[in-house]
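The values are calculated or read from the model by the stated rules, or taken from the named source; none is laboratory data. Bear in mind the structure is a predicted one, so any value in this text is a computation, not a measurement. FYI the Cβ positions are ideal-geometry reconstructions off the backbone, even for glycines, and counts take in every protein chain you see. To get the accessible areas, we keep the full protein, side chains included, count just its heavy atoms, and leave off ligands, DNA and RNA. Shrake-Rupley method; radii C 1.70, N 1.55, O 1.52, S 1.80 Å.
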Amino acid sequence: MSNYHIKHLEEYYQVYRKSTRNPEGFWEEIAEEHFVWRKKWDNVLHWDFKKPEVKWFDGAKLNITENCIDRHLPTRGDKTAILFEPNDPTEKPEHITYRQLHKRVSKMAYVLKEKGIQKGDRVCIYLPMIPELAIALLACARIGAIHSVVFAGFSANALSTRINDSDCKMVITSDGSYRGAKTIDLKGIVDKALEDCPSVETVLVVKRIGSEIHMKKNRDYWIQPLLNEAYGDLVAEIMDAEDPLFILYTSGSTGKPKGMVHTCGGYMVYTAYTFKNIFQYKEDDVFWCTADIGWITGHSYILYGPLANGATTVMFEGVPSYPDFGRFWEIVEKHKVNQFYTAPTAIRALAKENLDFVEKYDLSSLKVLGSVGEPINEEAWHWYNNNVGKKHSPIVDTWWQTETGGIMISPIPYVTPTTPTYATLPFIGIQPALMDEEGKEIQGNQVDGRLCIKFPWPSMARTIWGDHDRYRDTYFSAYENKYFTGDGAHRDAVGYYRITGRVDDVIIVSGHNLGTAPIEDSINEHPAVAESAIVGFPHDVKGNALYGYVMLKETGESRDRDNVRKEINQQITEQIGPIAKLDKIQFVSGLPKTRSGKIMRRILRKIASKETSNLGDTSTLLNPEVVDEIMENVL
Ligand code: ATP
Ligand code: MG
């Protein structure tokens, strides 16, 4: 029993050793003691990274919604499962108890069945962050339909590509959505997308903003009247542990998004176990992850991980800047949030604003702060630690990927001593390896290499939907018998890991491999700099030279640009060495980002190298206008 909740460092090392010496035995015990199964597995693990094929808990039968909802009803029926905070701070928050969630998921599942959805069918969900989004995912899981959530900020084109990639039979959407002071015509985007999506038979529409929309006859249905007629206690479909639970597309930072397939059993076990430990969740805590459910972070740590632990999880519909930059902190105070999980891009954006926005609110409920999505630079880390955590809430810098399903490298708060910019230690059961360019594993500490994982973990993706060859080629062909993450990392003297950036973005200057994160980290420490990105461009002598894109803070705008350039390079020379000095520094008003807020360096690289005829897949880009500006002013 004790292995489920790690409370001190010695225990971490002890459980970690157990989990790597005998992974099957370890995960079997966790699965057996903390989840409900309709039938136990025949085999804990079968794996072959050559094919690749991985099966956890094969032969077991379960339904993840019974673990996330039904089993809590006797003890937590009246506890809030989902706490919905609307976009408009004057609109009343909604507390959905486990009992109410059970009824609403059952009804939605019933409607899906009525509309012809069966086990194994794909359902595309294109909804804003409203309760129906969470309920729609769970309703799919309840009947064994495979959900494919597309972030409701994507364009019609990006939406139709994803619908067609997995032949979705149904789309669940809303009339529109609120985003700060704006409304977005979601149904209009869906209508446009569906012009060339032959597989879609039905569209269910949630009413959120009350706008006039077009409803196509015999295809589009308002969901509420159907829910009113639906049955509120639908028995869950019995699933195999290895049946697909969902498809989710990666962010597209490095290329065409990949439809990662996650399965029921292993995903449930690993997301629940990581949630419990990495956020040190206790029974009456209120947990808030600010991600959108359209990303893996939302799937695993707004929905499945928290609900499997019977937690109270906050869903926020709005944006951090509306009605002002204090909104996050207003919500923390209002709901007495205990664990707060966000992304470096949000922290950097808020750190640019006046501190009054943070100081106005009582943040004393906070116990744990989290970060995910990109390396968190040192300056942002300190801002978060000083002003939000008041130096007493540990920051968990969690490294993981859509492909990994759950957090892989992270401190455990109050257990692992933290160091800024370090994701620190592998989580229980995770066996990282750093590889050199010749394909050999690098032993020892104080080393840099390409980050791989040597042994399967329960929540790893099983394939790319419809393209198993791409799955093998992308993740299992670079190094024999290892999962290759695509990221580079440093392992320091005590064995802590620091993610140094994507391997695709590593720049070789005069024969030295330079990761992007440490250099950007140094640039961002300059008092006038808000955010930066570096890339390489061809150079006659050095092979490659460094090109920096730098966005200044509002307070830094008046500074002499050439002085700032000099100071940045001076700082880099002192902190890293003259090899990492930038040859060119372009000041920009923003950086191109994915819709999940990550810097898209591949576009910046093309611009710096003056190869702008084909920028690659830009469908996941948040701010295309900034790309034009950067191209115009390229040095
Ligand atoms: P694509 O795979 O389509 O290029 P993506 O890699 O951005 O897109 P995600 O799965 O959303 O898609 O992101 C995972 C990546 O995000 C990781 O491989 C890593 O590069 C980065 N990342 C996530 N968390 C951290 C972290 N805590 N520190 C450093 N990098 C992180
Ligand atoms: Mg990736």
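Here are the numbers:
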| item | result |
| --- | --- |
| Ratio of Rg to Rh over region 8-54 (Cα coordinates, Kirkwood Rh, two decimals) | 1.07 |
| Residue-averaged 222 nm ellipticity for the chain, from DSSP H runs of 4+ at -39500 (n - 2.57), nearest 500 | -8000 deg cm²/dmol |
| Residue (of V627, N563, A517) at the positive-pole extreme of region 510-633, dipole from beta-carbon charges | A517 |
| Length released on extending from D469 to T419, taking residue separation times 0.36 nm less the Cα-Cα span | 14.1 nm |
| Percent of beta bridges antiparallel (DSSP, the chain, rounded to nearest 5) | 60 |
| Region 1-54: trypsin sites (Lys or Arg not before Pro) falling in loop per DSSP and having at most 16 other Cβ within 10 Å | K7, R38, K40, K50 |
| Under 20 Å from K115, Cα to Cα: aspartates and glutamates that are on another chain or at least 8 residues apart | E132, D167, D175, D191, E201, D220, E229, D233, E237 |
| Region 65-171 - share of DSSP beta bridges that are antiparallel (%, nearest 5) | 40 |
| Loop-located chymotrypsin sites (Phe, Trp or Tyr not before Pro) in region 266-371 whose Cβ has at most 14 other Cβ within 10 Å (DSSP) | none |
| Kyte-Doolittle at least -1.0, axis length at least 20 Å by Cα - qualifying DSSP helices, the chain | 98-114, 264-278 |
| Unit charges on C-beta of K, R, D, E only; dipole of region 298-361, Debye | 160 |
| Residue among H46, I607, F84 farthest towards the positive dipole end of the chain, charges placed on Cβ | H46 |
| DSSP bridge pairs, region 510-633: antiparallel proportion in percent, nearest 5 | 70 |
| Cα pair distances in region 215-360, grouped into 5 Å bins until the bin that holds the longest one, percent each | 2, 8, 13, 15, 15, 17, 14, 9, 5, 2, 0 |
| Simple Cβ-charge dipole of region 510-633, Lys/Arg +1 and Asp/Glu -1, about Cα centre, in debye nearest 20 | 340 |
| In nm, spacing of pseudo-spin labels at E283 and V447 (7 Å Cα→C-beta vector) | 4.7 |
| Within straight-line cross-link reach of K51, aspartates and glutamates at Cα separation under 15 Å, skipping those fewer than 8 residues along the same chain | D467, D469, D473, E480 |
| Dipole moment magnitude, nearest 20 debye, the chain about Cα centre, only Lys, Arg, Asp, Glu C-beta charged | 780 |
| Extension reserve of the R71-T573 stretch, reckoned as 0.36 nm per residue once the Cα distance is removed | 174.9 nm |
| Residues of region 476-495 with amide N under 16 Å of the 7 Å Cα→Cβ point at K50 | 476-483 |
| Paramagnetic reach from A156 (point 7 Å along Cα→Cβ, amide N under 20 Å) across region 108-133 | 124-128 |
| Most to least accessible of T421, T555 (protein chains only, probe 1.4 Å) | T555, T421 |
| For region 510-633: rounded, prolate or oblate by the Cα gyration tensor [a/c cutoff 1.5] | oblate |
| Accessible surface of the chain [probe 1.4 Å, protein heavy atoms]: carbon and sulfur percent | 47 |
| Prolate/oblate/rounded label for region 363-404 (Cα gyration tensor, a/c 1.5) | oblate |
| Length released on extending from I238 to K390, taking residue separation times 0.36 nm less the Cα-Cα span | 50.0 nm |
| Cα gyration tensor, region 412-563 - rounded (a/c under 1.5), prolate or oblate | prolate |
| Where no second cysteine Cβ lies under 4.7 Å, the cysteines concerned in the chain | C68, C140, C197, C264, C289, C452 |
| FRET efficiency estimate (nearest 0.05) - Cβ-Cβ, H539 to T618, R0 30 angstrom | 0.70 |
| Dipole of the chain [Lys/Arg +1, Asp/Glu -1 at C-beta], most positive-end residue of F587, F279, T97 | T97 |
| Spin-label model distance (nm) - E24 vs D324, 7 Å beyond Cα toward Cβ | 6.1 |
| Rg ratio (alpha-carbon, reference 2.2 N^0.38 Å) - the chain | 0.93 |
